[in-house]
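Worksheet: the structure to be examined is printed underneath.
Read the figures in this text as sums done on the coordinates, not as results from a lab. The structure presented is a predicted model; accordingly, all values stated were derived computationally and were not measured. Glycine also receives a Cβ, built like all others from the backbone with ideal geometry; neighbour counts cover every protein chain displayed.
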Amino acid sequence: MATETEAALRIINLHKSFGEKVVHKGVSFDLKEGEILGLFGGSGTGKSVVLRSIIGLEHPDEGQILFEGRDLTRLSEKQLFEVRTKIGYVFQNGALFDSLTVEENLAYPLRAHTKLTEEEIHQKVGHMLELIDMKGSNQLLPAELSGGMQKRAGLARAIILEPKVILFDEPTAGLDPVNTERLLNNILEFKKEGMTGIFVTHDIPAAFKICDRIAILNEGKIELILTPAEMKVSTNPLVKSFTTGAHIR
């Protein structure tokens, strides 16, 4: 029987260098089932590298990434292709295909990874667009969307296969307050359905609204993991550098 603290994903002792630059010096943390874990850190601390390592776009020099009983760092590209149907990635810029319509963008993973009929795909895409307040945008191209709509369409595409884990890479970056609020509300609605995810961000208010716990990456390791409530009252200088906005990107 699953326990309250059962991990959906385990990161164990990750090390990663790019040439002379050492980024990770033993990053370890657990992502619990049904939680959204925030990941804070200054510029260059390797937050996005953690996410990219999870889906095999980067390869750690050492360490393990455990998901569904397998170490993802040891999988072949073919095996990772299957894993990517279970781990969604929300890219910072939405990462939509410019030449495809919104409907074609959302349908792409369904056509690649499922045996749904075209009618079933059309219905699923339509339902997803309703959930993100973009009903009727099916035939628009990404260039015709606002920045906020592009981000929400990217979110919809990442979760349309109903993955076990969602990785968010700076999802609110570049958005105005109104679009940030809209995107966060969409994420909260999905969270009510049991979404599990890692939320990389510099946006402290967004993290406090979305995340159950927040891990702070500092000098190549996870230094602290706290709840938003604990962070707000913490006197730790590193924590305060984030909560007061003193920590520069």
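Pairs Lys16/Lys192; Lys25/Lys192; Lys21/Lys164; Lys124/Lys151; Lys25/Lys191: which exceed 23 Å Cα-Cα?
Values: Lys16/Lys192 34 Å; Lys25/Lys192 35 Å; Lys21/Lys164 33 Å; Lys124/Lys151 19 Å; Lys25/Lys191 31 Å.
As for pairs spanning more than 23 Å Cα to Cα, those are Lys16/Lys192; Lys25/Lys192; Lys21/Lys164; Lys25/Lys191.
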Q) Which of the GluC sites (Glu not before Pro) across region 177-208 are loop residues per DSSP, with 14 or fewer other Cβ within 10 Å? A) Glu193
(Q) Just to confirm the filter: which trypsin sites (Lys or Arg not before Pro) across region 115-200 are DSSP coil and have at most 12 other Cβ within 10 angstrom of their Cβ? (A) Lys115, Lys135
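Counting other C-beta atoms within 10 Å, and keeping those with at most 15, which DSSP coil chymotrypsin sites (Phe, Trp or Tyr not before Pro) do you find in region 69-173?
Details: sites: Phe81, Tyr89, Phe91, Phe97, Phe168; in loops: Phe91, Phe97.
Passing sites in region 69-173 are Phe97.
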Q | region 156-230 - share of DSSP beta bridges that are antiparallel (%, nearest 5) | A | 55
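In nm, what is the difference between 0.36 nm times the number of residues separating His113 and Glu219 and their Cα-Cα distance?
Residue separation times 0.36 nm, minus the Cα-Cα distance, leaves 34.3 nm.
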Q) Rounded to the nearest 0.05, what FRET efficiency do Ile12 and Ser76 have when you use their Cβ-Cβ distance and R0 = 22 Å? A) 0.60
Q. How many angstrom lie between the C-alpha centres of region 14-58 and region 118-153?
A. 31
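Subtracting the Cα-Cα distance from 0.36 nm times the residue separation, let me have the gained length for Thr227 to Asp98 in nm, one decimal.
Details: separation 129, 0.36 × 129 = 46.44 nm, distance 3.84 nm.
Going from the current span to full extension adds 42.6 nm.
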Q | Calculated FRET efficiency for the pair Glu193/Gln139, C-beta based, R₀ 30 Å, to 0.05 | A | 0.60
Q.
I'd like the orientation of helix 118-131 relative to the chain: the angle between its Cα long axis and the longest Cα principal axis, in ° from 0 to 90, rounded to 10.
A. 50
Q) Using alpha-carbon positions, what is the distance between the centroids of region 159-213 and region 88-102, in Å? A) 16
